[in-house]
Structure formats: C-alpha cells, structure tokens
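Please treat every number below as a calculation from the coordinates, not as lab data. Model, not experiment: these values are computed from the prediction.
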Amino acid sequence: MTPLDPAPAIAAEALLRRWIGLDPGTVGHAAIRRAVRKRMTTLGLDDLESYTRLADADTLERDLLVEEVVVAESWFFRDPQVYGFVRRFICDRVTVRERLPVRVLSVPCAAGEEPYSLAISLLDAGVDPAAFVIDASDISRAALDRARAGRYTTNAFRTADLAFRDRWFRTDQGCAVLAAGVRGAVRFTWGNLLDETFASSALAAGRAPYDVVFCRNLLIYLTVEARADVERALDSLLKPDGLLVLGAAEPPIMKGDWVPAGEGAVFALRRGPAASPAMRKPSRRIGAPETRPPLSPNLPAPSEPVLAPAAPPPAPTPAGQPALQMTLRRANELANERRFPEALDVCADYQRTAGPAAEVYFLMGMIHQSAADLDAAEDCFHKTLYLDAAHAEACLALALLAGQRGDARLAQLYRRAAARVVARRGAE
C-alpha cells in the first residue's frame, strides 16, 4: 500500500473533528494517518477517499477508527487527593436523606479505573451502596468491555499505596480481578459527550442531574468549539451545587462561571461566584453527635484480604534513565543548532519506544515555541501537566503563552499553580 497523501488524509481528520471534537494536532497527524492505514489494510482498501466515504456512512467503521485513534489510559486512584476530596464531599451529602441517592458520572471512563476507584473509596468509608449511584460512559466500546470484565494488569496499579488491591481484588491467571460488589456499584454505557443528545437522554432517563461529574483529560484533546460544547453539556448534567472534577491542566480551559472548589491539586470546580450553602461542609455544634454516612450491613470488613499482597510495580530499569537523558541531550543539541524538525523527531522516536514522558513533552513544547509554533507548544505543555501535574516549568510556560495571547486571567491562574507547586517543594 502506498503512503497516505497528507492532503486527502485531512478528510479523515475532519471526520474525527466532527464525530468526537478531536483536535488532530493533540494526538499527531501521523498517528491519525497510521490509524486510517491500519483500518484500510484490515478492510483491503487502497483508496483513502473511498475509505473516508465508508467511515462517514458506516457507524461501526466510525467506531473502529475512533478505537484506533483514541488511546484510553488510566489507573486506579490516579491523583489520590482527588478521591479523598470527592469522598468527603459525597459523605457529607449522604447524611441528608432528601439528597439520596448521590449521583456521580464518570465520562470518559476508559476501562473503569476511575469510577471503580471512587466506588472503592466510598465502600471503604462505609457508605451504603444504596446511597450512591455511579454512571460511567465512554466512546470506546473495547474499553467498556474491559471495564465490565473488571480484569486488570499491573499497569493499572501505579500508586504507592496498594492496600485497596489487597482488599478488593483476587488474582486469576496473572490478572487482578475486581470483586463483584465493586463492579455492581458502577453502571457502564456507551456514549459520546459531544453528541447533542447525550445530556438530554441522561436527563430524560432520570440519571441526571449529577452531584459529581468526573470529566478528566478530555478537554485537552478537543477543538475550541468542541470544548464549548462539552462545557455546555457538563453544565446541564451537573446539579446547581454540584462538583466538576477535571484533569490537572484543564480548570483554566473552562470559560464559564466556574471557581475552584478545593485546593489546586484537586482540580475541582463549582459554579461561581460564591459557594452555595449545599457546597459548604455542615457545621457541628460543640458537644453535638457527629453525623456519619449510612453504613451497609453487607460489606466485608475492610481488613479482609481477597488478594494476596503483591509487590508494588517495578521501578524503571536503570537502562531507561540514561536513554531519557541521552534523548534530552541530543534533542537540545539539535534545537540549539535550530534543527527543530530533527530535534522533534528524536523526541518522538523516544516516546514511540519508551512511552510518554513529561520531560520529553516539555522539551518538545520549548522546541515548538522556538520554532514559533505556539499552538503546538501549548499542546505539549498541556500534555506535560497531564503526565506530571506538579511540573512548575510547564505552568510557567503556559502562563507566558496565555499572556502573549492577552488572556491575563488564564496567565494568572497558571502562575498561581506554579507558585503552589514551588511552595510544596519547599515544604518537603
């Protein structure tokens, strides 16, 4: 098969932009061409225009192409402080009978790590499963199949504290299998948040509005227009005093009347400008009994192990670090010689073999900035924060870009985020 001509390949990118609001630059034009080529090879097609017509008319082929382009990656209790904050928020709500059940939406949910993490967090806190409902949706049918199966490899367990795995998983043929009680706490459905019927269908079915919506690490991949559509959908899905949880780089992207709901590292928003009474933690009179969430009589004791203790994920091999340093050094040398395309190729080659790395994305951002490609630079800095939320230099770089565009509010938000990271480093 001959290489894809970039000109007609734009037609495939236009379809993805229309279907799922994807900004092709965020995943790379070459990656999209590879995905299209793979689907064409599978179908035995040689003509790209014929393929794009087929994909546009056939929803099954559309979904298969999206599967090739969208790589869902998550792990259990990613950003643990987020789950602690949301757990406290929900535990406050379940003490008010009129608010039951507390409703949560996770979209996109990948292979279920995020909604299951929240379910585990609530069950560990003793919350009755009848007191909350967790809906989870994703555009990837393959990811949803994995979520429903509840089988995970070691890659899904990357946090330092893996005690939850000992309580809620069992081993089977090298996989960790999630307990049925946790799987039963989450309802999975296919859905596209960019579809104008997504929010209206949830409202009509009585699933929405939600007390909490997780929508993490989606906005950074969307076009400006698609971001606005998603923000409108989220606004309609969320209760007036609800909580919106985003990815590390995403709160500043939101253009509506949203304000931080917690510490900067929580990445949660609520509607502004002032907290509604329902958002505030209820006060307790001195000497009054402390209210607690409803407890379930059917839960196993939290200390009951259902999986033999496992060692934490292995640290990177010693050979990995020199390879990273060599990549950064070589790319820097090329960039200093103003050989920007070659420097970017060195970075891309490393990430193809070793996987995404925050420092590599940050360097790519600096190279794009030097080459005056500010949109590509901004995308790389966002991906840096996606991989390392405590990357102060990326925050400062984004602040500079926002300032250059005249967005003083966004620039200030990024500078404050950088200051918080530096302050935390100083306290350690």
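Here's how it looks for residue 214: its modeled amide H is under 5 Å from those of 105, 106, 107, 245, which are all 5 or more places away or on a different chain. Under 5 Å between amide hydrogens, built in the peptide plane, is the criterion, and for residue 222 it picks out 23 among residues at least 5 positions away or on other chains. Building the convex hull from the alpha-carbon atoms of the stretch 18-153 and averaging its projection over directions returns 10.7 nm².
Does the stretch 49-92 come out rounded, prolate or oblate by the C-alpha gyration tensor, with a ≥ b ≥ c the root eigenvalues, rounded set by a/c under 1.5 and, if not, prolate when a/b is larger than b/c and oblate if not? Let's see the in-between values first.
Numbers: a/c = 6.71, a/b = 3.40, b/c = 1.97.
The shape class here is prolate.
A simple rule links phi to the HN-Hα coupling: the Karplus curve 6.51 cos²θ - 1.76 cosθ + 1.60 with θ = phi - 60°, which for the stretch 107-120 gives 8, x, 9, 6, 8, x, 4, 5, x, 5, 4, 5, 4, 4 Hz, with x for Gly and Pro.
Shape analysis of the stretch 147-262 places it in the prolate category; the axes a ≥ b ≥ c from the Cα gyration tensor give an a/c of at least 1.5, with a/b above b/c.
Among beta bridges identified by DSSP and lying wholly in the stretch 23-181, the antiparallel ones come to about 55 percent.
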